[in-house]
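Okay, so here's the structure we're looking at.
The values are calculated or read from the model by the stated rules, or taken from the named source; none is laboratory data. Not measured: the values here are computed from a predicted model. Ideal geometry is used to build each Cβ from the backbone, glycine not excepted, and the neighbour counts take in all protein chains shown.
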């Protein structure tokens, strides 16, 4: 299985998102690089709105993710509640 | 293959036709295994120019900066014309010995190994 | 480290880029200037487009209009991307609160049925006209010349998509998100006899080749008539029929029109004052499309507003054309 | 007037997908009065078969209101940082004035291509018959305009204090090495609408731009350039959308018709090859032009292509798509190309719009460590030679113009990868004229569409035809390229840039 990944700018907003991703994807790996945070996982990764809202303590729109997103790899599926990345192999 | 365009007869203008060089033709010259010179050089020269004149009046100035140039004996150099072994005739015009527009001339000097023997 | 720096040695070597200095002198430039002037490449195009071998990739000859300097088309709003999106974000925030207010207070339910029908039959189908306007402004963006005008056309294209989406949302508000109103409105656009000439006109604009002519047809002729008929005269009718709340949902379009008119009128003036040839050409184009548009809007205007409505709208168009120095 | 009220109904909650579809997809209509093919005339000539545009899946469902809102937020943040950068003389915080040359190459070489991407996406954003794909392309068009404008604004501050930025507008369509990126985008823009999207949206954005932006922006961060980091990451936040568009379009084309598969594969092969040739410039920048180095070109290639690209092509295998032709060759090239390229620029440093230099001893050791198989054997001796010549007061600049590859337009500097001491030569004769190539990849591309590539505007040939001013190279540089000769070009050592830097920093 190949890795899917996304990278976020290293800012305060992103720290909550990363925390949420870690919680929802226990198998994922978080890599801190200069000015960015890369998160990878085997085959599948999901960002859930509800978890991010819980971490931030406020309403959070899935599309706000794009303010911090730098790059990603994998097939994207986005709706109101989550954004997932996957490979079909 | 040919181009698939919105019209059936798409044709490109040939930008580098001989006629565009004001009487000159292009000849590319390279000294193999001497990568101080990163790529072959492009020279615009009259097709009537003799091979000798190409060497002494055009190429020498460019290649002479190489530390091994003093040891270079043109008469011992081995030549390739467009990839094929070639024996140049010094006093014959380029066009009369098959050196045409956009031909590549490469010379090899097996005894000269380049700077520090590293093909440079 | 910074303590060692003497401010006197920190004088800039130059104030701006060389091409900006050539145009505006050796002084600090605005962000609009640096983002706009001479950004588009002008020479040495390698390959003729497979989709248009008669032209270069960037080619001023995709219109018959001639300009000595295509950067004469300065946008009075001085929109570059950053100022454009920030301006629209402010408008969208306002629109968002209007739509939210309208929905929260259940204003749709307070509309008289006639008003609802009027909106569905006459306002919502405009979203398809906006879609044509989006394509026609993209056409100018893609095949026009010089960043000054092509970027403004792009902003206008995106505005039109935005407006089409706001109009769609009005439909969704009226039908409780069932999309029935949208389907009904599309039915009018596709089959209602009074809409057909206008739809035919939209389809005709979509097969035009000269981008500046198309710009005049769409942004000047069609849009001026459309705005006057739907957002001025229909708006008045809605107010008279107890439908004034709808105005909350079209405030964005009102603001947009004010903003865009400033740019449109500047472009007209600049193009026409360039040369007699341009003036003649533009006069011909405008008269051709005025004729077509008058015919296309006529049945709709009569059905929606009555006999005089189109005359009023045409007078508005003629005033605008005259103001630009065309007649 | 009848005052019946509209009947009350509970508003149904719309999902993002449904809402987007109603607000966007439903705007289009079937034509009754014109032939739709006259409105969208470019969809068929490439041989691509689209049977049903409605099968298009929108990956991100961004409506204009959300677009304005989020993009304005990004712009507000970005310009706040650019203002602060200018007010605080942020250019003084870069690691070393040599670094600034990397962003000179960026502004002159990449920003104009962002503009071409903007133009190309505007073109297909008008031409696609399917509304979903079309609007995604329109959004990318306006994003790309954003990128060129924010880049120009970020560089504006550097332009006030360093040479080499000021003539970027004039340089973009004239300068010899800039014809490499320029011809790449001209090639894509002059192709049909589907090839354009495979070229730029898929091959470039999805497969390769990570190699351009991510190391570049980390590099800027490592070298104290906050302005570049900021515009770079801000642009990347749009890029995630663009990459996904690229992947969606590939899947869409492959699912539409099996006849599309070989056409798409051919385009992937072509644009992968053209892309790797273009990225040679980035490789050189990473290995040689960043004073504080993030990772080597080779490492970047391994992470961003071999690993990420490998996963992608495994995913596409179900459609019958295979790894791009010559991917195995490029695996060998990663050991060589950055060194071969920087040597070329170093030896042509009199004709470049940025400064060149010999790597420091520490940098040479870093290169040895990063390229243990190749650097000491093939490339370090060149720098030893350059050091010796420089010490003798004979800084080496070549005296003639190089031969160029007809397709990628890079000087014929690449070697056979199994013999890095031998320049690779490929040629062909077409309609009586001889054409030269750096590689099989570039020759294949010519062979597939010779009538396109006979038009190549090869800068060296244009200079020699007298079309760029002259006759001397110096006049070409000053009159045609608008260089400030003696300031913009030549070695870093002794340049006005270096002198000013020393003054600012109070170093003798």
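Determine whether the range D:379-396 contains at least one residue that is outside any helix (DSSP H, G or I), under 30 Å from residue D:479 (Cα atoms) and in contact with a strand residue (DSSP E or B) (Cβ under 9 Å, 6 or more places away or on another chain). Yes, the range D:379-396 contains at least one residue that is outside any helix (DSSP H, G or I), under 30 Å from residue D:479 (Cα atoms) and in contact with a strand residue (DSSP E or B) (Cβ under 9 Å, 6 or more places away or on another chain). Of the strands (runs of 3 or more DSSP E) contained entirely in the range B:1-105, those carrying at least 2 residues that are in contact with a helix residue (DSSP H, G or I) (Cβ under 7 Å, 6 or more places away or on another chain) fall at B:25-31, B:41-45. Restricting the range C:229-260 to residues that are under 14 Å from the mean Cα position of the chain (by Cα) and touching a residue at least 12 places away in the same chain (Cβ under 8 Å), the residue that is surrounded by the fewest Cβ atoms within 10 Å (Cβ to Cβ) is C:254. When C:181, C:193, C:185 are checked against the criterion of being farther than 17 Å from residue D:139 by Cα, in the same structural domain as residue C:140 (by TED's automatic domain parsing), surrounded by fewer than 20 Cβ atoms within 10 Å (Cβ to Cβ) and in contact (Cβ under 8 Å) with a residue 40 or more places away in the chain, C:193 stands alone in meeting it. Residue selection: residue C:114 satisfies the criterion of being touching a residue at least 12 places away in the same chain (Cβ under 8 Å) and within 30 Å of residue C:293 (Cβ to Cβ). Among the residues of the range D:44-56, those that are part of a loop (DSSP other than H, G, I, E, B) and over 23 Å from residue C:130 (Cα atoms) comprise D:44, D:45, D:46, D:47, D:48, D:49, D:50, D:51, D:52. Only residues that are under 26 Å from the mean Cα position of the chain (by Cα) and more than 9 Å from chain C (Cβ to nearest Cβ) were counted across the range D:49-81, and they come to 6.
Residues being assigned to a helix (DSSP H, G or I), in contact with a helix residue (DSSP H, G or I) (Cβ under 8 Å, 6 or more places away or on another chain), modelled with pLDDT under 95 and within 12 Å of chain C (Cβ to nearest Cβ) are entirely absent from the range D:34-41. Within the range A:22-47, take every residue that is under 16 Å from residue A:67 (Cα atoms) and in a strand (DSSP E or B) and give me the one that is nearest to the chain's Cα centre (by Cα). Filtering the range A:22-47 for residues that are under 16 Å from residue A:67 (Cα atoms) and in a strand (DSSP E or B), the one nearest to the chain's Cα centre (by Cα) comes out as A:47. Within the range D:481-501, restricting attention to residues that are over 28 Å from the mean Cα position of the chain (by Cα) and more than 22 Å from residue D:396 (Cβ to Cβ), the residue that is surrounded by the fewest Cβ atoms within 10 Å (Cβ to Cβ) is D:499. Within the range D:404-412, not a single residue is surrounded by fewer than 21 Cβ atoms within 10 Å (Cβ to Cβ), in contact with a helix residue (DSSP H, G or I) (Cβ under 9 Å, 6 or more places away or on another chain) and either within 9 Å of another protein chain (Cβ to nearest Cβ) or outside any strand (DSSP E or B) (or both).
Restricting attention to the range C:1-56, the residues that are more than 7 Å from chain D (Cβ to nearest Cβ), at pLDDT below 95 and not in a loop (DSSP other than H, G, I, E, B) add up to 4.
Across the range B:44-64, which residue is surrounded by the most Cβ atoms within 10 Å (Cβ to Cβ) among those that are in contact (Cβ under 8 Å) with a residue 12 or more places away in the chain and facing chain D (nearest Cβ under 7 Å)? Filtering the range B:44-64 for residues that are in contact (Cβ under 8 Å) with a residue 12 or more places away in the chain and facing chain D (nearest Cβ under 7 Å), the one surrounded by the most Cβ atoms within 10 Å (Cβ to Cβ) comes out as B:44. If residue A:19 meets every condition in (1) over 10 Å from the mean Cα position of the chain (by Cα); (2) surrounded by fewer than 20 Cβ atoms within 10 Å (Cβ to Cβ); (3) not in a loop (DSSP other than H, G, I, E, B) apart from one, which number is that one? The single condition residue A:19 does not satisfy is (1). Taking the stated definitions as given, is residue C:127 farther than 30 Å from residue C:306 by Cα, within 7 Å of chain D (Cβ to nearest Cβ), in contact (Cβ under 8 Å) with a residue 40 or more places away in the chain and crowded, with 24+ Cβ neighbours inside 10 Å? Against the criterion (farther than 30 Å from residue C:306 by Cα, within 7 Å of chain D (Cβ to nearest Cβ), in contact (Cβ under 8 Å) with a residue 40 or more places away in the chain and crowded, with 24+ Cβ neighbours inside 10 Å), residue C:127 does not qualify. For the range D:118-157, a residue qualifies if it is under 30 Å from residue D:501 (Cβ atoms) and surrounded by fewer than 23 Cβ atoms within 10 Å (Cβ to Cβ), and the qualifying residues are D:153, D:157. In the range D:115-200, counting only helices (runs of 4 or more DSSP H) that sit wholly within it, the ones holding 2 or more residues that are within 7 Å of chain C (Cβ to nearest Cβ) and either modelled with pLDDT of 95 or more or more than 24 Å from residue D:454 (Cα to Cα) (or both) span D:131-161, D:168-171, D:179-190. Going by what's in this entry, would residue D:465 be described as without any contact (Cβ under 8 Å) to a residue 40 or more places away in the chain, buried (at least 17 other Cβ atoms within 10 Å of the Cβ) and at the interface with another protein chain (Cβ under 9 Å from one of its Cβ atoms)? Spelling it out, residue D:465 is indeed without any contact (Cβ under 8 Å) to a residue 40 or more places away in the chain, buried (at least 17 other Cβ atoms within 10 Å of the Cβ) and at the interface with another protein chain (Cβ under 9 Å from one of its Cβ atoms).
If the condition is being within 9 Å of chain B (Cβ to nearest Cβ) and either under 23 Å from the mean Cα position of the chain (by Cα) or surrounded by fewer than 17 Cβ atoms within 10 Å (Cβ to Cβ) (or both), then the range D:376-387 contributes D:377, D:384. Within the range A:41-74, the set of residues being within 7 Å of chain D (Cβ to nearest Cβ), in contact with a strand residue (DSSP E or B) (Cβ under 7 Å, 6 or more places away or on another chain) and under 13 Å from residue D:244 (Cβ atoms) comprises A:69, A:71, A:72, A:73.
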